[in-house]
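Taking it in order: structure first as structure tokens, then the write-up.
The values are calculated or read from the model by the stated rules, or taken from the named source; none is laboratory data. Being a predicted model, the structure only gives us computed values, none of them experimental. Ideal geometry is used to build each Cβ from the backbone, glycine not excepted, and the neighbour counts take in all protein chains shown. Just so you know, the surface numbers come from the protein's heavy atoms only, side chains and all, with ligands and any DNA or RNA stripped out. Shrake-Rupley method; radii C 1.70, N 1.55, O 1.52, S 1.80 Å.
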Amino acid sequence: MIEIKHLYKKYGRFYALNDFSLNVQQGELFGFVGSNGAGKTTTMRICVGLLKADHGEVIIDGKNLLSDHRALADKVSYVPDYFGVYKSLSAWEYLHFFASAYGIYDEEADKLSEELLELVNLSDKKDTDVNGLSRGMKQRLCLARGLVHNPDILFLDEPASGLDPKARYELKEILKNLSSMGKTIIISSHILPELAEMCTSVGIIDRGHLVLQGSIEEIHRAAAMSSPINVTVNENQIDQVFDILQTNPFVQKVTAQGSILKIVFTGNKEEEGQMLSSLIANGITVNSFYREEGSLENLFMQIVTAGPEKGKRRA
Amino acid sequence: MSKAETKPKKNKRNAVLYKEMTVDMKKPKIMIIMLLINLFILPITLGFFLGIAIAVFNNACSYRVLAWYLIAMVYTEFFILLLITPAITAGSVSLEKERQTLDVLLTTRMTTWEIIKGKYSSSVLFLSLMVLSTFPLLALVFIYGGISLLQLFYVGVMMFVLIAFVSSFGVFFSSLTKNTIVSVILTYIVLMLYISVTIAMPFTLLGIVKSLNDYLYYDTTYFSNIITKDFINGDFLVMTGTFNPLLMLFDCIGHTIGYDFSDLGSVKGMITICGTDIMPHFTDKNIMVNLWTPISMIEMLLFTFINLRISAFFLNPVKGRNKSEKKAVAAKKPANTASSASAEPVVAESTPAASVNDVPINTVNAAAESANAASTVTETVPSTPAEPVAAESTPAVNESTPVVNESTPIVNESAPITPVAAENVNATPVANENAGTEN
């Protein structure tokens, strides 16, 4: 559906996007995670034709549409993190205006505005001034605006920022609804757990580079794997355990805390079991053996902070 | 969610124009401005007609008084327009930028040219409406006659061209700058400069030609063969004045209403006065001079069109993107970022492939590694491959071990294992975390 190939974007001497590549399949609810300044907005703006990439291409449905404004506009829709609403326009007029910007007029636009307001639960706010709407409502109105021309791909830039839990829930429901209609939705956020709740797949961007992409299950698994294994053994056997573990290629690091050993283990479940059995085979009394609950936050921090801080310190 | 079955190639109606005409025109602001303008020129009407009334009471009154009433009105309106047009047009696009609505508008089917057209024509229509609203006051001259409807229409057309021309300055700077205030100031300054420069231009150029001619004629040593006093024909240079709106207004009024000082009645008249000396080749019969106002109008409309085209170009966020240029960039790019080239293949292979079927944790590691590699590139530290990073991370791990030492004596044994960890940078955060929990 969307294929982003080797995008580069430079602001001054700073690479906002550095060889950024990404694939999003049709119908996916794609979460685009990264810390502030990682390049999320830059990527989105390039994809919708608001910014020119220094190098690289964006292929949508097998065509590079960046040079064809109207074709691109028909395919994609962009809802930025700011509202961009006109003062003194009612919600209905606002939608009408954007409908006409897409070449939809009169009765057709009336019908469309009606439907969209219903979709985002704003039917009762039809004649309210856009400025008088709450943040959540504005966000939903902007979403409706993005749907005016029935695009295939929706780019939402931090749609949930600054929303209260109720508004966030409502937004989430709408997005799930849209996703079930077969639209490809790309949502950016700097909070991974938030996206994990609704997305079908997630990509993590760090300093203009995609560092991890996968389905939400894979991400969860990765999160689980990233946490250490806790093994409780007899205190007098700890020396022995260390010797055994040193030979295991999947063990990265072991720290002891009384009789509890925390093992950073890179292998999968099977290899985990093999490690346990090798411990038992060597006569170690294993009192407990379990993996800590992995959190997405930890995973994200692990990926994102792995490089940059050290890099900065060095520089 | 009804999809438009047949999407037209082009938008039938300009959305921006339509919105501004239907929604923004309802604002009370519009009415207030219109009222103020009429109030501004009302004293002229009152003064003139009071004067006429008094004159008629005493003896008689010339029809020409009404002509002068019209002249006064048109000139006043011209200066009002010169004053308010930048204020109204210079914010048209930059206000959209400030309200952050422009981005959203740019992602729609509308092209920048359409947006500019919509913004521009709505300003022009609004200003025209204001001029039109003063026409009832102008039409008062018909009470006594002396002016034909056609003449008034001609003046109206000229005013429209003036509005169109002056508005294009505002839209141009508005699309160029991000800030409305800057745009307004720039528009005023450039407009003032433009008017003063173009009004001086024909006379300056003709003066230069004249002095050149004099030089050639009187320098008998070198140019003895030149025997005419006007060897270089620079008369056409007077037409540079057609770019000036004030001269156009002067000429237009002179041709329609007339100024009463006979020869000085228009640009043509002025030329007749000083013709013999300054412009020996042009006479008052010259077609170009006679068509001063139409020529001026055409030039100004052309100027306006070019101005708007340039504005649309500046507004386009992805301007200048074409295939050949892209190829040129593509060819240049690898050379520019030679340092980053090392990082490219690693990522290209690892990320997508790993995400599909590999063990997830490996994905994370590979990705993190590539992130490290990328970091060394982006920070532009050329000679820092993965090893130094790892070396640096080892102290961090060692730091954590003494803490562990305090709690349990056996942990010394963990030391031989840590080097294994040191090979992988990824372990560091976890190690730090553990140290933290132990504290």
Residue list for region A:152-167, restricted to those being open to solvent by less than 10 Å² (accessible area, probe 1.4 Å) and more than 10 Å from chain B (Cβ to nearest Cβ): A:I153, A:L154, A:L156, A:D157, A:P159, A:A160
Residue under evaluation A:K5, criteria (1) within 11 Å of chain B (Cβ to nearest Cβ); (2) crowded, with 18+ Cβ neighbours inside 10 Å, criterion not met: (2)
Residue count for region A:53-72, restricted to those that are more than 10 Å from chain B (Cβ to nearest Cβ), acidic (D, E) and under 22 Å from the mean Cα position of the chain (by Cα): 1
Residue satisfying all of: in region B:288-323; within 14 Å of another protein chain (Cβ to nearest Cβ) and open to solvent by less than 70 Å² (accessible area, probe 1.4 Å); modelled with the highest pLDDT among these: B:A312
Count of region A:76-96 residues which are more than 30 Å from A:V24 (Cα to Cα), more than 7 Å from every other protein chain (Cβ to nearest Cβ) and open to solvent by less than 10 Å² (accessible area, probe 1.4 Å): 2
Single unsatisfied condition, B:L191 versus (1) out of contact with any Pro (no Cβ under 8 Å at 6 or more places or on another chain); (2) of a type outside the set (D, E); (3) open to solvent by less than 70 Å² (accessible area, probe 1.4 Å); (4) in a helix (DSSP H, G or I): (1)
Residue selected from region B:101-117 under the condition assigned to a helix (DSSP H, G or I) and in contact with a Phe, Trp or Tyr (Cβ under 8 Å, 6 or more places away or on another chain), by the criterion nearest to B:F160 (Cα to Cα): B:T112
Residue in region B:233-240 that is buried (at least 18 other Cβ atoms within 10 Å of the Cβ) and more than 30 Å from the chain's Cα centre (by Cα) present: yes
Candidate set: region B:61-91, residues that are in a loop (DSSP other than H, G, I, E, B) and among the small types (G, A, S); chosen: the one modelled with the lowest pLDDT: B:S62
Any chance A:G214 is touching a residue at least 60 places away in the same chain (Cβ under 8 Å) and under 30 Å from A:I2 (Cα atoms): no
Subset of region A:46-69 [within 22 Å of B:A15 (Cα to Cα) and open to solvent by less than 50 Å² (accessible area, probe 1.4 Å)]: A:V48, A:G49, A:L50
Test for A:Y105: is it crowded, with 23+ Cβ neighbours inside 10 Å and modelled with pLDDT under 85: no
Region B:146-188: number of residues that are touching a Leu at 6+ places or on another chain (Cβ under 8 Å) and not in a helix (DSSP H, G or I): 3
Residue under evaluation B:V157, criteria (1) at pLDDT 90 or above; (2) within 21 Å of the chain's Cα centre (by Cα), criterion not met: (2)
Considering residues of region A:195-234 that are modelled with pLDDT under 80 and over 28 Å from A:Y169 (Cα atoms) only, the residue surrounded by the fewest Cβ atoms within 10 Å (Cβ to Cβ): A:S227
Condition met for B:M159 (under 27 Å from B:T198 (Cβ atoms) and open to solvent by less than 10 Å² (accessible area, probe 1.4 Å)): yes
Unmet requirement for A:M137, which otherwise passes all of (1) open to solvent by less than 10 Å² (accessible area, probe 1.4 Å); (2) assigned to a helix (DSSP H, G or I); (3) hydrophobic (A, V, I, L, M, F, W, C): (1)
Test for B:K10: is it at the interface with another protein chain (Cβ under 9 Å from one of its Cβ atoms) and either at pLDDT below 85 or closer than 30 Å to A:L112 by Cβ (or both): yes
Which listed residue is crowded, with 20+ Cβ neighbours inside 10 Å and free of Cβ contacts under 8 Å to residues at least 12 places away in the same chain, from B:T112, B:T134, B:T107: B:T107
Residue within region B:92-99 that is closer than 17 Å to B:K27 by Cβ, open to solvent by less than 10 Å² (accessible area, probe 1.4 Å), outside any loop (DSSP other than H, G, I, E, B) and in contact with a Lys or Arg (Cβ under 9 Å, 6 or more places away or on another chain) present: yes
Where B:C274 falls short, out of the listed (1) within 14 Å of another protein chain (Cβ to nearest Cβ); (2) at pLDDT below 90; (3) assigned to a helix (DSSP H, G or I): (1)
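For (1) open to solvent by 10 Å² or more (accessible area, probe 1.4 Å); (2) among the hydroxyl-bearing types (S, T, Y); (3) touching a helix residue (DSSP H, G or I) at 6+ places or on another chain (Cβ under 9 Å); (4) within 11 Å of chain B (Cβ to nearest Cβ), each residue gets a yes or a no:
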residue: A:V33; (1), (2), (3), (4): no, no, yes, no
residue: A:M44; (1), (2), (3), (4): no, no, no, yes
residue: A:F98; (1), (2), (3), (4): no, no, yes, yes
residue: A:S113; (1), (2), (3), (4): no, yes, yes, no
residue: A:V130; (1), (2), (3), (4): no, no, yes, yes
For B:V65: the one exception among (1) within 14 Å of another protein chain (Cβ to nearest Cβ); (2) farther than 30 Å from A:I153 by Cβ: (1)
Lone unmet requirement of (1) within 12 Å of chain B (Cβ to nearest Cβ); (2) out of contact with any helix residue (DSSP H, G or I) (no Cβ under 6 Å at 6 or more places or on another chain); (3) assigned to a helix (DSSP H, G or I) for A:H149: (3)
